[in-house]
1. Which residue, P259, A280, F302, has the largest displacement toward the positive end of the dipole of segment 257-311 when charges sit on each Cβ (Lys, Arg +1; Asp, Glu -1)?
2. Using each residue's phi in segment 432-440, evaluate 6.51 cos²θ - 1.76 cosθ + 1.60 at θ = phi - 60° and report the 3J(HN,Hα) Karplus result to the nearest Hz, with x for Gly and Pro.
3. Using 0.36 nm times the number of residues separating R120 and T195, minus their current alpha carbon distance, what extension gain do you get?
4. Shape of segment 6-124 from its Cα gyration tensor (a ≥ b ≥ c, root eigenvalues): rounded if a/c is under 1.5, otherwise prolate when a/b > b/c, or oblate?
5. Within segment 16-31, name every residue whose backbone N is under 13 Å away from a label modeled 7 Å from Cα of S248 along the Cβ vector.
6. Evaluate the distance, in nm, between pseudo-label points positioned 7 Å from the Cα of N353 and of N5 along their respective Cα→Cβ axes.
7. What is the distance, in nm, between label points placed 7 Å from the Cα along the Cα-to-Cβ direction at S237 and at W71?
8. State, to one decimal in nm, how far the label point of S165 lies from the label point of T41, with both points 7 Å from Cα in the Cβ direction.
Amino acid sequence: MPRYNYERLSAQDNMFLMMERPNVPMHVAATMIFEAGPLATSEGGIDIDRYKRAIESVLHRIPRYRQKLRWIPMSDRPVWVDDRHFNLDYHIRHRALPKPGNLRQLKDLAAHIMSQQLDRSKPQWEIYVVEGLEGDRFAVISKIHHCMVDGSSGTDLATILMSPSPDQEISEPAPYYPRPAPSGTELVRDELMHTATMPLQATRSLREFTSRVEDVRDELGKRARALGELVRWGAISASETPINGRLSPHRRCDWLTTPLHQVKDIRRAFDCTVNDVVLAVVTGAFREYLIHRRVDPSEIDFRISAPVSVRSAKEKGKLGNRVSSWIVRLPLGEEDPKAQLDAIRAATQDLKNSEQALGVDMIMKAAEYAPASLMSLGAQASSGPINSIVTNVPGPQFPLYTLGAKLLSMYPQVPLLDNVGIGVALFSYDGDLCWGFNADFEMVPDLDAFRREIERSLERLSTAAGVVRDSKASKAKPKSNG
């Protein structure tokens, strides 16, 4: 047995590192707004020391939070090793808005934090505790590299860092004993051994695959069709629009809160899925926004990437990425909101029938046995020839707390892919649907206009469905639409 310890990144986790550029940071983020509650100090600030102790007490449940990246010499393959110089004060930072801080200032701060790459010489996460927010509230801005989490594992992480009970006790932190890291020579030796055993590993994986499926020929045919569908999408580029092009190094952030029951009522009225409703709302918003930007929506082929979780039950709670994606053509040429939803529902049903998500999943699995330099194919396939990305992650439908401070809203921020100027992320929480928008600073100077189009599109679809918004059904809490 080796005297050292480390873990290899999966091909998909490594892909998110390879996609990163100075102007394309690949971390996911979220801005969480809390009631100050018991964390408020007598001076009107936030008890940051108590907050740090609470995070430190659960770090033993998240080993990756005290690990850093290291690259195998003469290879593009990274591994996780324990950081023997780990310092919690570097990762949890204290910020303040000028009192009384407003939401516009908080959004600007979130955009600034979103624009900055994580330091690859340290564990790949940061938390900013922001005091001074009006209404006796504070914010927590969390960022974590996409090589560590996808949407589902990020939700699992939130339930570790927060509690469903306001009566949260801080336990004594478990001692941290970093494991010895391998030398460069040991990493190279292990990599050569890993490469030599790849044929055996591939054969074992094939046997496991054939033992799991009832009809091998049918399953292989299905996967070949899924891969062919993915190649077909990649053969024809999506249309150029004002929100597509080379990204600047700067970002804009915005967000919106809508009642979750409103979307569910529309779903029931039109007999579709919640995700169909979300994509129809996004369709109407992009249509009107591009008209605002002097684009004829009937003349463009507008596509989005919609991540799809392929995480199994036994993988629940584990960090890392187990995600594929759909490429969906949005019917921007349709003006009627019901026609938009009908087209989306038909498109997503076709994607389910064709199992397009299998194509990306196959490429990612094959990449485990391929040189890292060939993984650019997987990176292109996972993002696809698209105009935007829309990700929708279900969250807990009950309140969460940090040391008794109640979480009011959580606004996710998806990283922008190369050439993609707007990303839309949604998180459902405690009866609300929280929309987070991340955009390139230069390509999208009017992100607030896009946010307003999301609101209008949802209302148009509600009217078409005969859904009357009941303001009394929404929880009586501060809404954070800006």
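1. P259
2. 10, 10, 9, 9, x, 10, 10, 9, 5
3. On the way: separation 75, 0.36 × 75 = 27.00 nm, distance 2.56 nm.
Computed gain between R120 and T195 is 24.4 nm.
4. On the way: a/c = 3.00, a/b = 1.64, b/c = 1.83.
Verdict is oblate for segment 6-124.
5. Counting backbone N atoms under 13 Å from the label point, the list is empty.
6. Taking the simple label geometry, N353 and N5 are separated by 5.1 nm.
7. 2.9 nm
8. Modelled inter-label distance: 2.8 nm.
Computed from the coordinates by the stated procedures, all read-outs in this text should not be read as laboratory data. Just so we're clear, the structure is a prediction, and the values are computed from it rather than from any experiment. Here the Cβ is made from the backbone with ideal geometry for all residues, glycine too, and neighbour counts use every protein chain on show.
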